[in-house]
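Below is one structure, written out as structure tokens; the observations come after it.
The values are calculated or read from the model by the stated rules, or taken from the named source; none is laboratory data. Predicted model, so just to flag it, every value in this text is computed and none were measured. Quick reminder, even Gly has a Cβ in these numbers, built from the backbone with ideal geometry, and neighbours come from all protein chains shown.
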Amino acid sequence: MGLKADNWIKKMATEHGMIEPFVENQVREGIISYGVSSYGYDVRVTDEFKIFTNVHSAIVDPKNFVPESFIDFKGDVCIIPPNSFVLARTYEYFRIPRNVLTMCIGKSTYARCGLIVNVTPFEPEWEGYVTLEISNTTPLPAKVYANEGIAQVLFFEGDEPCDVSYADRKGKYQAQQKIVLPRI
């Protein structure tokens, strides 16, 4: 990155639509922060959740996932059952440049409460809303606040564009508009 990291992110977001909507400062008063950070961008979680439940005694199988294992929920606060998880999505839509790879990690505020955010890298030329997996590792119910920060995206710029991008491979999670369950 020729520019300072936060300026590079601002330039990529404003000139190339890499993050929409884009917040160029970190918003933090009275909420879990979101917006530009030193070397990344803190994303928000929407108010749409899929809460995992095993009422059907299903086996979790990524090749044959049972959609009925989730309960759809919409609200300002989502309660994650003990030792369970929810799927959610980012408030922000991403368009990753061909020479950029990202890593997304959970925010420390949630990590300190036993909540882990799991997301795979955003590959070069991937775009869409990010499906987030939020695990409650505690034996107690845990809260997640909608429209507040949930994770931080870190950007890694390559010296040159990749040979084959996610778009070139026609990746199965390209341009997702909602929470997407496992696909093969």
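Structural remarks
- In region 82-108, the residues that are over 16 Å from Lys11 (Cα atoms) and assigned to a loop (DSSP other than H, G, I, E, B) reach residues that are acidic (Asp, Glu) and modelled with pLDDT of 95 or more with C-beta atoms within less than 7 angstrom, at least six apart or across chains, in these pairs: Lys107/Asp42.
- Of all residues in region 46-81, those being in contact (Cβ under 8 Å) with a residue 24 or more places away in the chain and polar (S, T, N, Q) number 2.
- Enumeration of residues in region 3-25 that are touching a residue at least 12 places away in the same chain (Cβ under 8 Å) and out of contact with any Phe, Trp or Tyr (no Cβ under 7 Å at 6 or more places or on another chain): Asp6, Trp8, Lys10, Met12, His16, Gly17, Pro21, Phe22, Glu24
- Looking only at region 152-164, and only at residues there that are among the hydrophobic types (A, V, I, L, M, F, W, C) and in a strand (DSSP E or B), the one that is farthest from Phe22 (Cα to Cα): Phe156
- Residue within region 127-145 that is closer than 20 Å to Ile9 by Cα and out of contact with any Lys or Arg (no Cβ under 6 Å at 6 or more places or on another chain) present: yes
Quick grid of which residues meet (1) modelled with pLDDT of 90 or more; (2) farther than 18 Å from Thr109 by Cβ; (3) part of a loop (DSSP other than H, G, I, E, B); (4) not polar (S, T, N, Q):
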{"residue": "Met1", "(1), (2), (3), (4)": "no, yes, yes, yes"}
{"residue": "Ala13", "(1), (2), (3), (4)": "yes, yes, no, yes"}
{"residue": "Glu24", "(1), (2), (3), (4)": "yes, yes, yes, yes"}
{"residue": "Ser38", "(1), (2), (3), (4)": "no, no, yes, no"}
{"residue": "Asp42", "(1), (2), (3), (4)": "yes, no, no, yes"}
{"residue": "Asp72", "(1), (2), (3), (4)": "yes, yes, no, yes"}
{"residue": "Ile79", "(1), (2), (3), (4)": "yes, no, no, yes"}
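- Check on Tyr145, surrounded by fewer than 19 Cβ atoms within 10 Å (Cβ to Cβ), in contact with a strand residue (DSSP E or B) (Cβ under 8 Å, 6 or more places away or on another chain) and of a type in the set (Ser, Thr, Tyr): yes
- Candidate set from region 132-142 (those that are surrounded by fewer than 20 Cβ atoms within 10 Å (Cβ to Cβ) and within 16 Å of the chain's Cα centre (by Cα)); member that is nearest to Asp168 (Cα to Cα): Glu133
- Scanning region 88-109 for residues that are surrounded by fewer than 20 Cβ atoms within 10 Å (Cβ to Cβ) and among the β-branched types (Val, Ile, Thr) returns Ile105, Thr109.
- Only one of Phe85, Phe65, Phe122, Phe70 that is surrounded by 15 or more Cβ atoms within 10 Å (Cβ to Cβ), among the aromatic types (Phe, Trp, Tyr) and in contact with a Lys or Arg (Cβ under 6 Å, 6 or more places away or on another chain): Phe70
- Single residue of region 120-151 satisfying the filter (assigned to a loop (DSSP other than H, G, I, E, B) and among the hydrophobic types (A, V, I, L, M, F, W, C)) that is nearest to Tyr93 (Cα to Cα): Trp126
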